[in-house]
Amino acid sequence: MTKVVLKLGDDVSTDIIYPGRFMATVLPTETPQYIFADLVDFNRRVKNQDIAPQSVIVAGNNFGCGSSREQAASCLKGPDFIVIARDFARIFLQNSINLGLNTIICPDIEADEGDELKISATQVLNLTSGKNFKVVPLPQARQAIIDAGGLIPYTRQRLLQTKK
Amino acid sequence: MGMTLVEKILARATGQPAVKAGDVVEPHVDLAMSHENAALVLNQFQEIYQGTGLEARVWDPDRIAIIFDHRVPAESSKTATNQKKVRDFVSKQGIGKFHDIRGDEGGICHQILPENGYVRPGAVVVGTDSHTTSHGALGAFAFGIGATEMASVWALGRVLNVEVPGTIKVEVHGDFHPYVLPKDLILYLIGKISAQGANFKVIEFHGPAIKKISTSGRLTICNMSVEAGATAGIVPGDAETVRYLNDDAGVKGRIEILQPDAEAIYDRVIQIDASAMDPQVACPHTVDNVKPVQEVVGKQVNQIVIGSCTNGRLDDIRIAAQILEGKKVARNVRMLVFPASARIYRQALQDGYLLSLMNAGAVVMNSGCGPCLGVHQGALADGDVALATTNRNFKGRMGNPAAEVFLCSPAVAAASALTGKITDPRKGA
Ligand code: SF4
């Protein structure tokens, strides 16, 4: 069981998730401090570690549109968020998978801040509203990267295979 | 079965007779581009090699391009230090296509690649920048990836697990009116299909009106295809592509052109009549909030920006200079111009365009990303309204979430600079 801590609408851009003015900071260990920097309260709660790991951010369509900056995925991965959206923008989704950020495509999701969710591979159950929502599985090719623990270990395996 | 242009390119890059949308492939990469974020790429690259006992060497230093553009000259010691790390890496690995902060060969990555002939028709190009879609203007399959994915490309020379995208065909007929520019076409299309209308798809541009657009204008169109969510935009190569590569980019020898098959299968076909099109403006805070200029004329603006990888080329600067020649930028407006590359800057200097713009009151800045992404220069005040030829108007994009950004062509921007209000260039300022 996990809780929704932030609810967002459609077209949340990477400029909102990780504003361009912090792009000089690149290392995944350092990016979480600037997460949603312009949502000042939320940013403060993350920095103060007021939010439990595996908490959920719920969004509408096209989450992560815009810039390819990987900081937008790493800043969410650091505090161990789960992102459930109706749909994701391509580069953001790929970055998330590469870094092992848990992104769930759930085209009909309805949930508000404070709602309790139960998430499985095939569905999201909103315990607060009692409603059930189907999860779209990731394409197999992407699942292979997740299973390897992210793109770095996956590439490492491939590299060792080719050099043998 | 016929193939779309991107299916053909991916078949070739994977050594298969044919591929189709939905297949998963691992294409060889012809060119891998990064900018300052190479600092993160090299961090991830070194991590890949940890514990392997292998020496961390890039697969092919001649196929890697690194261009400093996002924060040049460095705005902070942090950026400067990152740039320094990248410089060291470049010299250690012998990376050939490196463009440092220079007044002879520097500029924005999406301008540097085409103008130096680094991109060819039929190539697979990846870049750690979402506007890598630009290079589809030369008939390449070019798409944006993240830093970790680039690290993987540096190690293996291929992109792993690429799903062959479906393609939307856009056919443009008719003649553009004067002061209706390629920027207006792409804004119109994004408005029509929405910011996610082409998610995970390629947009292939066809039709007599596209044939008449120069490579510069095609770069504008492909650049902003990503604002409709597209993986890539692509214009099949033609005589103009060959002309550009030979004459402007100095490429010697034969240039091979790939074409989609006549029986290619498209997800969707969209017809556009260019002759019916007005200049367009994208209103805050999404790029698909597009209106014909007449619906927003009169809106007061505080800052006009002409430049970026979208519209910072010579023809963009020329049209602005022609509109402003002998006139003055309105007193209540700041006008910033930043040419997309040092080469364009020098040409605009020689041709007198920059002098016309400066005499009118514009500030000409060094080439680079400048105010486009709001980290460096030209930040907006609370409540400010900017009108820019750049490609994004998201909240906070120009450095201040309490400001508004409108997007338009260089003609609309220049005409509006004279009045301090959004102005239809067809009506004169
Ligand atoms: S000019 Fe703007 S959009 Fe283009 S590469 Fe630079 S920051 Fe990105």
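The values are calculated or read from the model by the stated rules, or taken from the named source; none is laboratory data. Source: prediction; values computed, not measured. Note that we place each Cβ from the backbone using ideal geometry, even for glycine, and neighbour counts take in every protein chain shown. Heads up: the accessible areas ignore ligands, DNA and RNA and are worked out on the full protein's heavy atoms, side chains in. Shrake-Rupley method; radii C 1.70, N 1.55, O 1.52, S 1.80 Å.
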Checklist entry - Restricting attention to the stretch B:1-109, which GluC sites (Glu not before Pro) occupy a DSSP loop and are surrounded by at most 12 other Cβ atoms within 10 Å? => result B:55
Checklist entry - Which residues of the stretch A:13-51 end up with at least 50 Å² less accessible area in the presence of all protein chains than when their chain stands alone, using a 1.4 Å probe? => result A:15, A:21, A:23, A:24, A:26
Checklist entry - When the chain is fully extended, how far beyond the present Cα-Cα distance does residue B:242 get from residue B:173, taking 0.36 nm per residue of separation? => result 22.6 nm
Next on the checklist: For chain B, take the longest principal axis of its alpha carbons; what is the angle in degrees between that and the long axis of helix B:314-324, to the nearest 10 within 0 to 90?
Outcome noted: 10
Item to check | Part-to-part distance (alpha-carbon centres) for the stretch B:123-193 and the stretch B:366-429, which is given in Å | outcome: 23
Item to check | Local electrostatic count at residue B:77 - Lys and Arg +1, Asp and Glu -1, tallied over other residues with Cβ under 12 Å | outcome: +2
Item to check | For the stretch B:280-419, share of DSSP beta bridges that run antiparallel, in % to the nearest 5 | outcome: 20
Next on the checklist: What do you get for the angle between helix B:182-193 and the principal long axis of chain B? Use alpha-carbon atoms, 0 to 90 degrees, nearest ten.
Outcome noted: 70
Item to check | the stretch A:28-105-the stretch B:218-293 distance, computed between alpha-carbon centres (Å) | outcome: 32
Checklist outcome for this item: Computed Rg/Rh for the stretch B:5-272 (Cα atoms; Rh = Kirkwood radius) stands at 0.97
Next on the checklist: Taking every DSSP beta bridge with both residues inside the protein assembly as shown, roughly what % is antiparallel (nearest 5)?
Outcome noted: 25
Next on the checklist: Along the Cα→Cβ direction, 7 angstrom out, place labels at residue A:162 and residue B:300. What is the inter-label distance in nm?
Outcome noted: 5.9
Checklist entry - Okay, which of the stretch A:139-164 sit inside 12 Å, backbone N to the point 7 Å along the Cα-Cβ direction of residue B:52? => result A:152-164
Item to check | Solvent accessible area, Å² - residue B:288, 1.4 Å probe, full protein context | outcome: 40
Next on the checklist: For a quick check of your reading of the filter: which trypsin sites (Lys or Arg not before Pro) in the stretch B:23-99 sit in a DSSP loop and have no more than 14 other Cβ atoms within 10 Å?
Outcome noted: B:57
Checklist outcome for this item: Rounded to the nearest 5, the percent of DSSP beta bridges in the stretch A:3-143 running antiparallel is 40
Next on the checklist: Averaged over its residues, how many other protein chain Cβ atoms are within 10 Å of peptide B:390-398's Cβ atoms?
Outcome noted: 5
Checklist entry - Roughly how big is the A-B contact, given as buried accessible area in Å² (both sides, 1.4 Å probe, nearest 100)? => result 3900
Item to check | Computed magnitude of the charge dipole of the stretch B:280-419 (debye, nearest 20; Cβ of K, R +1, Cβ of D, E -1) | outcome: 160
Item to check | Accessible-area composition of the protein assembly as shown, carbon plus sulfur, in percent [1.4 Å probe] | outcome: 49
Checklist outcome for this item: With every protein chain kept in place and a 1.4 Å probe, the stretch A:21-74 has an accessible area per residue in Å² of 39
Item to check | Listed residues A:142, B:343 arranged by accessible area, highest first, probe 1.4 Å | outcome: B:343, A:142
Item to check | Debye log10 I(q)/I(0) at q = 0.06 Å⁻¹ for the protein assembly as shown, Cα point scatterers | outcome: -0.28
Next on the checklist: Heavy atoms only, 1.4 Å probe, whole protein assembly: order A:163, A:77 by accessible area, highest first.
Outcome noted: A:163, A:77
Next on the checklist: Going Cα to Cα from residue B:8, which lysines come in below 25 Å? Please leave out same-chain ones fewer than 8 positions away.
Outcome noted: B:20, B:169, B:201, B:211, B:212, B:252
Next on the checklist: Per DSSP helix of 4 or more residues, -39500 (n - 2.57); summed, then divided by the residues of the protein assembly as shown. What does that give at 222 nm, rounded to the nearest 500?
Outcome noted: -8500 deg cm²/dmol
Checklist entry - By accessible area of protein heavy atoms, probe 1.4 Å, what ranking do B:329, B:269 get, highest first? => result B:269, B:329
Item to check | Size of electric dipole in the stretch A:112-164: Cβ of Lys, Arg +1 and of Asp, Glu -1, about Cα centre, debye, nearest 20 | outcome: 640
Checklist outcome for this item: Rg (one decimal) and Dmax (whole number) from the Cα set of chain A, in Å, equal 15.9, 54
Checklist entry - Quick one: how many Å² of residue A:22 are accessible to a 1.4 Å probe, rounded to 10? => result 40
Checklist outcome for this item: The answer for residue B:33, listing residues at least 5 apart or on another chain whose modeled amide H is closer than 5 Å to its amide H, is B:65, B:126, B:127, B:128
Checklist entry - Can you give the average number of partner chain beta-carbon atoms within 10 Å of each beta-carbon in peptide B:140-150, as a whole number? => result 6
Item to check | P(r) of the stretch B:368-414 over all Cα-Cα pairs, binned every 5 Å from zero, in whole percent | outcome: 6, 26, 32, 25, 10, 1
Next on the checklist: At 1.4 Å probe radius, can you tell me the per residue accessible area of the stretch B:5-272 in Å²?
Outcome noted: 33
Checklist entry - Mind checking which of A:30, A:116, A:70 has the largest fluctuation in a GNM of chain A, springs on alpha carbons under 10 Å? => result A:30
Checklist entry - Where does the stretch A:74-143 land on Rg(C-alpha)/(2.2 N^0.38 Å)? => result 1.11
Checklist outcome for this item: Inverse of <1/r> over all distinct C-alpha pairs of the stretch B:280-419, i.e. the Kirkwood Rh in Å, gives 14.5
Checklist entry - Roughly how big is the protein assembly as shown's charge dipole about its Cα centre, with Cβ charges of +1 (Lys, Arg) and -1 (Asp, Glu), in debye to the nearest 20? => result 800
Checklist outcome for this item: Heavy-atom accessible area per residue of the stretch B:280-419, all protein chains kept, 1.4 Å probe, expressed in Å², is 33
